[in-house]
Amino acid sequence: MMKGRKLISRVALFLSVVFITSCDKYEKVDESKEMFMWFDVEANFERLSYPDSIAYYLDKVKEAGFTDVVLDIKSITGEVTYQSDYAPYMKDWHGVERDVKYDLPRIFIDESKKRDLKVHASLNIFSGAHNFYERGIIYTDEYAHWQSQNYWEGEIIPISEMHWNYNGMLNPALPEAQQYQLAILQEVATKYSDFDGILLDRGRYDGITSDFSLESKKMFEEYSGITVNDFPDDILYWEESNDEYEWKRGQYFNKWIEWRAMVIHDFFRDARETIKNVNPDIGFGAYTGAWYPVYYELGVNWASKNYDPSQYYDWATEDYKNSGYAEMLDIYLSGLYFFEVTIAEVEAMNQEAMRTRGEAAMGEGRDYWYSVEGSAQLAKEVTKGVVPLTGTLYVDQYQQDSEQFERAVAMALRESDGLGIFDIVHIIDKDWWDVLKRGIDKGLE
């Protein structure tokens with residue numbers, strides 16, 4: 001279970017690659033595995049505000065051996081980087097301003113195509129604010145009612161009041177919120193039909209405490225045929241001990257988990273259909289974390305329908321497997337977000353903990369999947385080979401340990417079908433271009 005005070009917040013991700021002087025003189029790179037470099041919308045706002053800067057960093061990415069680039073075009077605030085009929089334009093960030101006519105996606109696509117890089121759009125789908133700055137669509141009267149209502153330490157509160165949680169998520173189950181996102185996806189596929197792919201990021205719930213609005217209660221009851229008399233405690237409740245809160249499972253918890261996963265599954269079905277109806281050649285993809293045994297807390301089942309988690313996990317119903325959406329995906333980036341690279345490192349860490357610690361109910365340590373190697377293996381098992389698995393790393397997780405990062409890059413390439421780097425900003429800030437290139441070379445040996 002999760003301690004109330006200990007939030008799992010998804011970290012902003014960043015990266016980068018190496019330099020070249022002429023677009024006509026690139027080295028031949030090994031394209032047997034696709035390699036994705038991610039450009040986060042906020043972290044790279046300034047460097048993406050000038051066409052010559054975009055060209056410079058795409059040159060570095062190309063020389064490092066990357067085949068694909070991913071451009072965030074819809075921020076966690078709900079703002080977008082192009083002129084939209086639906087979403088507000090993101091014209092500034094941390095003192096840097098853009099002209100309203102600045103068309104970042106068009107510039108980025110054109111420059112990527114010049115370098116023979118496949119280019120993908122990323123959209124933060126069910127995110128509606130950056131709570132640290134009180135900025136985003138849920139801070140407007142028009143969309144405030146879409147925000148997630150979280151059951152937190154015994155109280156249901158709007159997520160905009162949870163100022164320790166930077167990510168102001170929406171309630172994904174609301175039909176009007178879904179239709180809004182589908183309209184944006186259709187708009188992107190129409191305006192920028194030469195994107196090679198469109199990836200959904202944050203296509204999920206905020207966490208296990210989300211969403212406990214009355215609308216969600218009603219939709220769950222309609223789905224399950226269950227009348228929830230004690231809401232929300234019949235689903236999830238809190239216990240307090242020594243000034244700490246811990247959530248517990250109520251009697252309908254597992255069915256609730258199943259319903260939430262079906263909400264996301266059905267939205268992904270509609271999103272894929274929306275994009276493919278505009279242009280069937282645009283790949284449809286997703287970006288999630290690789291920690292499947294606990295990812296149900298986010299309302300997401302990225303597994304194949306042929307994988308039955310009820311055989312392994314006590315939170316899954318027999319019907320939970322029907323919510324698996326891997327078969328819908330053309331592109332899948334899986335976050336192998338672990339400092340330990342090998343399964344052996346995790347085992348050694350567990351043995352050391354057993355030697356040095358003896359507290360009651362300490363537990364048996366970390367599972368094998370708390371590693372780049374292990375999480376990649378588990379993700380491949382769960383997805384059953386129905387979609388290529390791109391093992392993705394969060395660069396800042398390695399802090400200043402360049403050797404460990406180099407090993408992680410090589411392992412991600414060996415154990416998955418490709419490599420994703422999240423995000424270019426960390427490669428730039430750490431000046432790890434050479435480290436990255438060495439890791440790639442070792443992974444492709």
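Every number here is computed from the coordinates shown, using simple stated rules; none is lab data. As the structure is a computational prediction, the values presented were derived from the model and not from experiment. Note that each Cβ is placed from the backbone with ideal geometry, even for glycine, and that neighbours are counted across all protein chains shown.
So here's what we get for this one:
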quantity: Within-9-Å neighbourhood charge of Ile428 [Cβ basis; K, R +1; D, E -1]; calculated: +1
quantity: Highest-fluctuation residue, Asp92, Asp417, Asp40 considered, GNM on the chain with Cα pairs under 10 Å; calculated: Asp92
quantity: Cα point-scatterer Debye curve for the chain, base-10 log of I(q)/I(0) at q = 0.10, 0.11 Å⁻¹; calculated: -0.71, -0.87
quantity: Sorted by Cβ neighbour density within 10 Å, fewest at the top, the residues Val341, Val100, Val294, Val395; calculated: Val100, Val294, Val341, Val395
quantity: Fully extended contour minus Cα-Cα distance, from Asn277 to Ser310, at 0.36 nm per residue; calculated: 8.4 nm
quantity: 5 angstrom amide H check on Asp423, placed H, neighbours 5+ away; calculated: Phe14, Leu15, Val395, Asp396
quantity: For the chain: relative contact order, % (alpha-carbon pairs under 8 angstrom, 6 or more apart); calculated: 18 percent
quantity: Gyration tensor (Cα) of the stretch 245-381, equivalent ellipsoid semi-axes in angstrom; calculated: 32, 20, 11
quantity: Dipole of the chain [Lys/Arg +1, Asp/Glu -1 at C-beta], most positive-end residue of Pro309, Trp93, Pro51; calculated: Pro51
quantity: Unsatisfied cross-links (Cα-Cα over 23 Å) in the set Lys118/Lys321; Lys255/Lys305; Lys33/Lys430; calculated: Lys118/Lys321; Lys33/Lys430
quantity: Cα-based equivalent ellipsoid of the stretch 299-352: semi-axis lengths in Å, sorted from largest, via gyration tensor; calculated: 28, 17, 8
quantity: Neighbour-count order for Ile427, Ile137, Ile107, fewest beta carbons within 10 angstrom listed first; calculated: Ile107, Ile137, Ile427
quantity: Full-stretch length increase - Asp243, Glu97 - with 0.36 nm per residue and alpha-carbon distance subtracted; calculated: 48.1 nm
quantity: Selected from Met90, Met328, Met162 as most flexible by GNM, with the chain as the system and alpha-carbon contacts under 10 Å; calculated: Met162
quantity: Cα-based reach from Lys74 at 14 Å (exclusive), listing aspartates and glutamates while leaving out same-chain residues under 8 positions away; calculated: Asp40, Glu42, Asp85, Asp92, Asp103, Glu187, Asp201
quantity: Most to least packed among 59-68, 202-211, 383-392 [average Cβ atoms within 10 Å]; calculated: 202-211, 59-68, 383-392
quantity: For Leu393, Leu419, order by how many other beta-carbon atoms lie within 10 Å, fewest first; calculated: Leu393, Leu419
quantity: Span-rule helices in the chain, defined as complete DSSP H runs reaching 27 Å or more along the axis (Cα) with Kyte mean at least -0.5; calculated: 253-278
